[in-house]
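A.B. asks: Below is one structure. I have some questions about it.
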Amino acid sequence: MSSSTVSSTEAADAAVEAISNAAAQEATFSLALTQDQKDLRDWVHGFAADVMRPAAHEWDEKEKTPWPVIQEAAKIGLYGWEALAQFFADPTGLTLPIVNEELFWGDAGIGMAIMGTGLAVAAIFGQGSGEQIGEWIPRCFGTEDDLKVAAFCSSEPNAGSDVSAVRTTAKFDEATGEWVLNGQKAWATNGGISDVHVVIASVDRELGSRGHAAFIVPMSEAKGISQGAKVSKHGLRASHTADVYLDDCRIPAGYVLGGKEKLDERLARVREGKKSKGNASMATFEASRPTVGAQALGIARAAYEYALDYAKEREQFGKKIVENQAIAFTLARMKMEIDAARLLVWRASWMGRNQVPFENAEGSMSKLKAGEVAVWVSERAIQILGGNGYTREFPVERFHRDAKIYDIFEGTAEIQQLVISRAISGMHIS
């Protein structure tokens with residue numbers, strides 16, 4: 001036996017031993033869901049299938065908030081601050097995206113009506129004091145007998161992607177100890193029908209976006225806040241979207257998230273040329289992007305599953321259309337893109353929950369990919385259904401309408417690419 005043969009055999013034996021030793025050790029990495037996560041997923045899926053889907057077309061046509069469906073969600077413990085706290089408590093960070101994917105698989109418009117309150121909650125939780133969190137987050141949801149929703153008001157007619165262009169102002173009146181807010185907010189989910197509005201306003205315009213702060217504006221207490229025009233939308237039509245007007249709206253000093261003293265300290269640091277901890281709007285959006293990506297995933301999966309079932313039943317030229325490579329290969333790519341996007345969403349969700357820095361803008365990656373996948377997959381679903389896919393008798397046209405906003409809101413696809421490119425290059429790309 002040659003020396004080379006001996007060395008090869010020894011190497012093979014060493015490799016087998018290493019594999020055996022590794023197998024004997026406890027696994028440190030797994031993509032398997034826990035039993036609790038599976039049970040929760042199945043529970044939410046059941047609600048989406050049995051309650052949301054049968055009501056989806058009706059509320060899309062009505063373009064009204066589906067309060068009866070939200071009521072049903074509250075009755076079973078799916079809507080409320082306790083539920084959201086449970087979803088967020090999962091140390092893996094996966095429960096919240098799992099819940100969102102299932103709800104938006106059921107219907108995106110109704111899903112947003114149920115989960116839209118979460119953006120205001122994220123702002124309060126991320127920027128508020130412990131006392132503010134305890135007081136205001138429960139008020140965002142109300143009670144089972146007196147349901148409430150909440151609104152996060154950041155965008156304006158001339159300030160969408162460019163948050164530095166916010167014109168809404170917040171001035172402190174020393175004489176009364178109150179903040180006075182003036183301005184107009186646009187495209188606010190639940191705007192005007194909420195009790196709790198979280199409003200982004202400029203305290204010092206000379207500081208640009210670093211001079212912004214987030215304020216609690218409760219409609220039941222504050223005078224000078226009103227709903228403007230309700231937006232008639234292309235998709236997510238069961239979710240209420242409207243402008244919000246603030247006209248000399250007065251709120252107590254303590255209604256600025258984090259407290260006035262903390263805000264004054266932050267602004268003083270900025271004026272001295274020191275770094276601040278970021279913009280109030282962007283902090284909320286960055287934290288929520290993986291969850292928004294999960295919502296897009298739910299729409300994409302609904303479109304893919306419907307198209308797959310249809311292709312396996314529909315016959316043309318004497319055979320099922322799925323037997324044609326053009327259809328089968330498209331479905332294969334749809335499935336692959338959905339699974340790839342989910343992995344990005346889960347990674348970003350885990351990172352966010354465990355405070356792992358998004359050094360390469362992983363949150364933006366997840367939202368960008370999932371949004372693009374939702375639009376592409378739902379469009380392919382329409383194509384697979386042909387003429388049927390273009391009619392309102394089949395749900396894929398609604399899936400496509402609902403999907404498109406995920407290329408736009410909470411940071412357009414272009415803005416997400418800008419964020420990612422700046423993160424990976426370390427340069428200011430404009």
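A.B. asks: Within the bounds of the stretch 371-379, is there any residue that is over 20 Å from Trp105 (Cα atoms) and crowded, with 19+ Cβ neighbours inside 10 Å?
C.D. replies: First, pick out the residues of the stretch 371-379 that are over 20 Å from Trp105 (Cα atoms): none.
No - not one qualifying residue is present in the stretch 371-379.
A.B. asks: Looking at the stretch 153-170, which of the residues that are modelled with pLDDT of 95 or more and part of a strand (DSSP E or B) is farthest from Trp187 (Cα to Cα)?
C.D. replies: For the stretch 153-170, the residue satisfying everything is Ala170.
A.B. asks: Okay, moving on. Could you count how many residues in the stretch 377-395 are of a type in the set (Val, Ile, Thr), in a helix (DSSP H, G or I) and touching an Asp or Glu at 6+ places or on another chain (Cβ under 9 Å)? It would help to see each step written out before you state the result.
C.D. replies: Let us first name the residues in the stretch 377-395 that are of a type in the set (Val, Ile, Thr), namely 377, 382, 384, 391.
Still in the running and in a helix (DSSP H, G or I): 377, 382, 384.
Subset that is touching an Asp or Glu at 6+ places or on another chain (Cβ under 9 Å): 377, 382.
Qualifying residue count, the stretch 377-395: 2.
A.B. asks: Testing Asp173 on (1) buried (at least 19 other Cβ atoms within 10 Å of the Cβ); (2) charged (D, E, K, R); (3) at pLDDT 95 or above; (4) over 30 Å from Ser430 (Cβ atoms), one condition comes back false. Which one is that?
C.D. replies: Condition not satisfied by Asp173: (1).
A.B. asks: So, one more: From (1) surrounded by fewer than 21 Cβ atoms within 10 Å (Cβ to Cβ); (2) modelled with pLDDT under 95; (3) within 27 Å of Gln86 (Cα to Cα); (4) out of contact with any strand residue (DSSP E or B) (no Cβ under 8 Å at 6 or more places or on another chain), pick out the condition that doesn't hold for Asp195.
C.D. replies: Exception for Asp195: condition (4).
A.B. asks: Hey, can you tell me all the residues within the stretch 364-422 that are among the small types (Gly, Ala, Ser) and on the phi > 0 side of the Ramachandran plot? Let's see the steps before the verdict.
C.D. replies: We begin by selecting, within the stretch 364-422, every residue among the small types (Gly, Ala, Ser); these are 364, 366, 370-371, 374, 378, 381, 386-387, 389, 403, 411, 413, 421.
Answer for the stretch 364-422, where residues must be among the small types (Gly, Ala, Ser) and on the phi > 0 side of the Ramachandran plot: Gly386, Gly411.
A.B. asks: Of everything in the stretch 131-150 that's aliphatic (A, V, I, L, M) and in contact with an Asp or Glu (Cβ under 9 Å, 6 or more places away or on another chain), which residue is farthest from Leu207 (Cα to Cα)?
C.D. replies: Residues of the stretch 131-150 that are aliphatic (A, V, I, L, M), as a first pass: 133, 137, 147, 149-150.
Of the ones still in play, those that are also in contact with an Asp or Glu (Cβ under 9 Å, 6 or more places away or on another chain) are 149-150.
Details: Val149: 32, Ala150: 28 Å.
Checked the stretch 131-150; the qualifying residue farthest from Leu207 (Cα to Cα) is Val149.
A.B. asks: Now a separate question. So is Ala303 outside the structural domain of Arg401 (by TED's automatic domain parsing), surrounded by 15 or more Cβ atoms within 10 Å (Cβ to Cβ) and at pLDDT 95 or above or not?
C.D. replies: On the way: outside the structural domain of Arg401 (by TED's automatic domain parsing): no; surrounded by 15 or more Cβ atoms within 10 Å (Cβ to Cβ): yes; at pLDDT 95 or above: yes.
Here the answer is no, as Ala303 does not meet what is asked.
A.B. asks: Also, I was wondering about something else. Could you please find all residues in the stretch 203-226 being among the polar types (S, T, N, Q) and either modelled with pLDDT under 95 or farther than 22 Å from Glu178 by Cα (or both)?
C.D. replies: Within the stretch 203-226, Ser209, Ser220 meet the criteria.
A.B. asks: Examine the stretch 130-152 for a residue that is within 15 Å of the chain's Cα centre (by Cα), part of a loop (DSSP other than H, G, I, E, B) and in contact (Cβ under 8 Å) with a residue 60 or more places away in the chain, and state whether such a residue exists.
C.D. replies: no
The values are calculated or read from the model by the stated rules, or taken from the named source; none is laboratory data. Small disclaimer: the values here were computed from a predicted structure and weren't measured. So basically every Cβ, Gly included, is an ideal-geometry build from the backbone, and we count neighbours across all protein chains shown.
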